[in-house]
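Notes for the one structure printed next.
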Amino acid sequence: MARTATVTRNTRETQITLTIDLDGTGKADLHTGIGFFDHMLDGFARHGLFDLTVQCRGDLEVDCHHTIEDVGIALGTAIKGSPGRQGRAGALWQLPAAHG
């Protein structure tokens with residue numbers, strides 16, 4: 001079963017299409033209009049070993065926070081909606097137990 005999801009999010013401030021493949025290789029194709037944010041998403045995908053594609057048009061002339069907020073919402077929605085996500089992706093969010 002392919003663990004992929006595509007989310008489209010359109011608001012007054014942003015138009016986003018995001019695709020994630022939880023069983024990818026760490027490839028990223030990112031176009032948010034915010035260079036540092038693209039850089040951070042690239043590292044997230046590369047080190048998480050999933051493929052991520054983001055196309056976003058946002059109201060950057062006002063501020064970058066709508067773009068970052070709405071991409072985050074789309075990313076969370078895509079991860080939550082990926083079929084069979086309890087496998088490898090579930091392990092990404094577990095912290096080791098504290099020993100004490």
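The values are calculated or read from the model by the stated rules, or taken from the named source; none is laboratory data. Quick caveat: nothing in here was measured; it's all calculated off a predicted structure. Note: ideal-geometry Cβ built from the backbone for every residue, glycine included; neighbour counts use all protein chains shown.
Which of the residues spanning segment 21-38 are outside any strand (DSSP E or B), of a type outside the set (A, V, I, L, M, F, W, C) and either in contact (Cβ under 8 Å) with a residue 24 or more places away in the chain or loosely packed, with under 13 Cβ neighbours inside 10 Å (or both)?
Asp23, Gly24, Thr25, Gly26, Lys27, Thr32, Gly33, Gly35
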For this session: State all residues of segment 56-66 that are farther than 26 Å from Asp23 by Cα and either in a helix (DSSP H, G or I) or touching a residue at least 40 places away in the same chain (Cβ under 8 Å) (or both); if no residue qualifies, say none.
Result: Arg57, Gly58, Asp59, Val62, His65, His66
For this session: Among the residues of segment 67-85, count how many are without any contact (Cβ under 8 Å) to a residue 40 or more places away in the chain and of a type in the set (D, E, K, R).
Result: 2
Exercise. Can you name every residue in segment 1-23 that is more than 17 Å from Thr77 (Cβ to Cβ) and either out of contact with any Gly (no Cβ under 9 Å at 6 or more places or on another chain) or of a type in the set (Lys, Arg) (or both)?
Worked result: Arg12
Problem set entry | Unmet requirement for Thr53, which otherwise passes all of (1) β-branched (Val, Ile, Thr); (2) free of Cβ contacts under 8 Å to residues at least 40 places away in the same chain; (3) not in a strand (DSSP E or B) | (3)
Exercise. Can you pull out the residues in segment 8-20 that are assigned to a strand (DSSP E or B) and surrounded by fewer than 19 Cβ atoms within 10 Å (Cβ to Cβ)?
Worked result: Thr8, Arg9, Asn10, Gln15, Thr17, Thr19
Exercise. Of the residues in segment 61-100, how many are modelled with pLDDT of 95 or more, over 12 Å from the mean Cα position of the chain (by Cα) and surrounded by 14 or more Cβ atoms within 10 Å (Cβ to Cβ)?
Worked result: 3
